[in-house]
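For reference, the structure discussed in these notes is given below.
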Amino acid sequence: MFTLLSLFVVAFIVTSLDDLVFLTAFCGYDRYRFREVLVGQYVGFGVLLAVSLVGGTVVGRLFSDYARWLGLFPIVVGVAWFLRSRTHSIGTGTDHQASSNSTSWSRAGLVSGVAITDGSNNLAVYIPLFAVLEPGQTVFGVGILLSAVGIWVLIARWLADRPVLATRFEEYGSRLVSFVLVVIGVLVLTGLL
């Protein structure tokens, strides 16, 4: 179980480092309450998780002999991420400004929309993982991922109060993400998971 715990913690961190950048930005805006960012991130992540579960289940059941080839997706995303990080900074490219008269639900909706829009790396990692895991392992992993979302928003709130750290994190985080995505892809591809 420890290895599975480690796998899901690492998978969450590398697929959510980019989320931490925009969550920190949202938490830094006076117009966003913490609960709006938290609810929005849970909704957005929940949608990505549901798509990953369905995709992983379908691939795992119908194409079990080929499921490991999905490991190519995290490798491709990791290499693309590395190449993109060398030419410009990683970011969502989305304007996070909320109008002063927007409702709490619309602000939470914007957070979830950005999470979904920025979730291709989540899908590229979680679908292959769920395709090769047993149902009990998948349930355990989902629990870890959902717990990590709340912790991630708390970290973003903490970083929003420390802009120097947030800048350093954004600068070096993309290189780490690239490397770990490739490692996860290789583990899926080689059948070590």
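Data table
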quantity: From phi via Karplus (6.51, -1.76, 1.60), per-residue ³J(HN,Hα) for segment 110-127 in Hz, x at Gly/Pro; calculated: 5, 4, 5, x, 5, 4, 5, 4, 8, x, 4, 5, 4, 5, 5, 9, 6, 4
quantity: Net charge over other residues, Cβ less than 15 angstrom from the Cβ of ASP30 (K, R count +1; D, E count -1); calculated: +3
quantity: Highest to lowest packing among 110-117, 121-128, 21-28, scored as the average C-beta count within 10 Å; calculated: 121-128, 21-28, 110-117
quantity: Sorted largest first, extent of segment 117-170 alpha carbons per principal axis (Å); calculated: 42, 20, 18
quantity: Counting all C-alpha pairs of segment 1-86, share separated by more than 14 Å (%); calculated: 77 percent
quantity: Derived scalar couplings ³J(HN,Hα) [segment 62-74; Karplus, 6.51 cos²θ - 1.76 cosθ + 1.60; whole Hz; x for Gly, Pro]; calculated: 8, 10, 4, 5, 10, 4, 5, 5, 5, x, 5, 4, x
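Taken together, the values in this text are just the output of simple stated rules run on the coordinates, not laboratory data. Predicted model, so just to flag it, every value in this text is computed and none were measured. Note that we place each Cβ from the backbone using ideal geometry, even for glycine, and neighbour counts take in every protein chain shown.
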